[in-house]
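One structure is given here, and the rest of the page talks about it.
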Amino acid sequence: MILHEICGSESNAIYRELEIANGARQYDFLRSIVTASLAVGKPFISSAILRALNFQAIACLHTSAGNYRPCEVKVGIHTPPPQYLVHDLMDDLINTVNRHWEGSDPVALAAYTLWRLNFIHPFINGNGRTARAAAYFVLCVHFGSWLPGTTILPELLRAARARYVDALVHADRTLEQGNLDLSPLHNLLVELLNEQLNGSAPESDAVADVPGSGDTPEA
């Protein structure tokens, strides 16, 4: 059963109900895989993790859940790379993140992960949800725990959609100019992470600020 084919619209009430349920399951899985990665001492991102995050988000909503897209797509003003490049680009993304894992500013690494996944747009649907979850995985594993907060970063990014999209567009444009600049996205992540962490702490507890600077991996 693929609800998008049956219902014909993402605004359909039945589609929306399953989308919300899938989102809850994706966050449960995300928390579980963060815990498991830390427990076994494997603080790395992988194709299996990214595919699983996408599967949780769009299972029974769209075809090819958890699989790289078999066709070309267009997303607003952005045309992602053709489908025959997706596998190699995703391998490069994963290798880049893991190669820079040690000694990197975790927010810079998360910003790169978030932007690059949106840029490649490797899945049929659910790319934004997958990218936000993957970026949060990078942060939580880097910091050594599931970060506290009633409203976590992926949801805060959704709420700040206009600034989030502007930061992604800025990164795309600077990449075209030969000098990738993720600073607006990095700054937004710092701001929202501090909002999450400070909002979760009792008034008597001090919450350290999230690191605010660092080198960006090369695209």
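The values are calculated or read from the model by the stated rules, or taken from the named source; none is laboratory data. Not measured: the values here are computed from a predicted model. Counting neighbours? That spans all protein chains shown, and the Cβs are built from the backbone with ideal geometry, glycine included.
So which pairs qualify, if the first residue must be in the range 137-159 and without any contact (Cβ under 8 Å) to a residue 40 or more places away in the chain and closer than 22 Å to residue 51 by Cα, the second must be part of a loop (DSSP other than H, G, I, E, B) and among the acidic types (Asp, Glu), the Cβ gap must be under 6 Å, and the two must be at least 6 apart or on different chains?
Within 6 Å, no pair qualifies.
Can you name the residue in the range 49-91 that is under 17 Å from the mean Cα position of the chain (by Cα) and among the aromatic types (Phe, Trp, Tyr) and, of all such residues, is farthest from residue 119 (Cα to Cα)?
Applying the filter and picking the extreme gives 55.
Take residue 43 and decide whether it is assigned to a loop (DSSP other than H, G, I, E, B) and modelled with pLDDT of 95 or more.
Values: assigned to a loop (DSSP other than H, G, I, E, B): yes; modelled with pLDDT of 95 or more: no.
When the stated conditions are applied, residue 43 does not pass them.
Filtering the range 105-124 down to residues that are assigned to a helix (DSSP H, G or I) and aromatic (Phe, Trp, Tyr), which residue is surrounded by the most Cβ atoms within 10 Å (Cβ to Cβ)?
Pass one, the range 105-124, residues assigned to a helix (DSSP H, G or I): 106-120.
Keeping just the survivors that are aromatic (Phe, Trp, Tyr) gives 112, 115, 119.
Details: 112: 27, 115: 24, 119: 21.
Among residues in the range 105-124 that are assigned to a helix (DSSP H, G or I) and aromatic (Phe, Trp, Tyr), the one surrounded by the most Cβ atoms within 10 Å (Cβ to Cβ) is 112.
Does the range 1-50 hold any residues that are free of Cβ contacts under 8 Å to residues at least 12 places away in the same chain and among the hydrophobic types (A, V, I, L, M, F, W, C), and which are they?
Of everything in the range 1-50, those that are free of Cβ contacts under 8 Å to residues at least 12 places away in the same chain and among the hydrophobic types (A, V, I, L, M, F, W, C) turn out to be 6, 7, 13, 14, 20, 21, 24, 36, 39, 40, 48.
Filter the range 1-29 down to residues that are among the acidic types (Asp, Glu) and closer than 23 Å to residue 49 by Cα, then give me how many there are.
So the count comes out to 2.
Looking only at residues in the range 28-81 that are hydroxyl-bearing (Ser, Thr, Tyr) and surrounded by 13 or more Cβ atoms within 10 Å (Cβ to Cβ), which one is nearest to residue 7 (Cα to Cα)? Even if it seems obvious, please write down each step before you answer.
In the first step, residues of the range 28-81 are kept if they are hydroxyl-bearing (Ser, Thr, Tyr); the result is 32, 35, 37, 46-47, 63-64, 68, 79.
Okay, now just the ones that are also surrounded by 13 or more Cβ atoms within 10 Å (Cβ to Cβ), so 35, 37, 46-47, 63-64, 68.
Details: 35: 36, 37: 37, 46: 33, 47: 30, 63: 14, 64: 17, 68: 23 Å.
Applying the filter and picking the extreme gives 63.
Of all the residues that make up the range 52-94, how many are without any contact (Cβ under 8 Å) to a residue 24 or more places away in the chain, in a helix (DSSP H, G or I) and over 30 Å from residue 194 (Cβ atoms)?
Residues in the range 52-94 being without any contact (Cβ under 8 Å) to a residue 24 or more places away in the chain, in a helix (DSSP H, G or I) and over 30 Å from residue 194 (Cβ atoms): 7 in total.
Based on what the data block shows, is residue 147 among the aliphatic types (A, V, I, L, M), over 17 Å from residue 68 (Cβ atoms) and surrounded by fewer than 19 Cβ atoms within 10 Å (Cβ to Cβ)?
The answer is yes for residue 147.
What tally of residues in the range 1-36 results from selecting those that are modelled with pLDDT under 90 and of a type in the set (S, T, N, Q)?
Residues that pass the stated criteria total 2.
Out of 180, 188, 193, which single residue is surrounded by 14 or more Cβ atoms within 10 Å (Cβ to Cβ), out of contact with any Cys (no Cβ under 8 Å at 6 or more places or on another chain) and under 21 Å from residue 31 (Cβ atoms)?
Testing whether each residue is surrounded by 14 or more Cβ atoms within 10 Å (Cβ to Cβ), out of contact with any Cys (no Cβ under 8 Å at 6 or more places or on another chain) and under 21 Å from residue 31 (Cβ atoms) leaves just 193.
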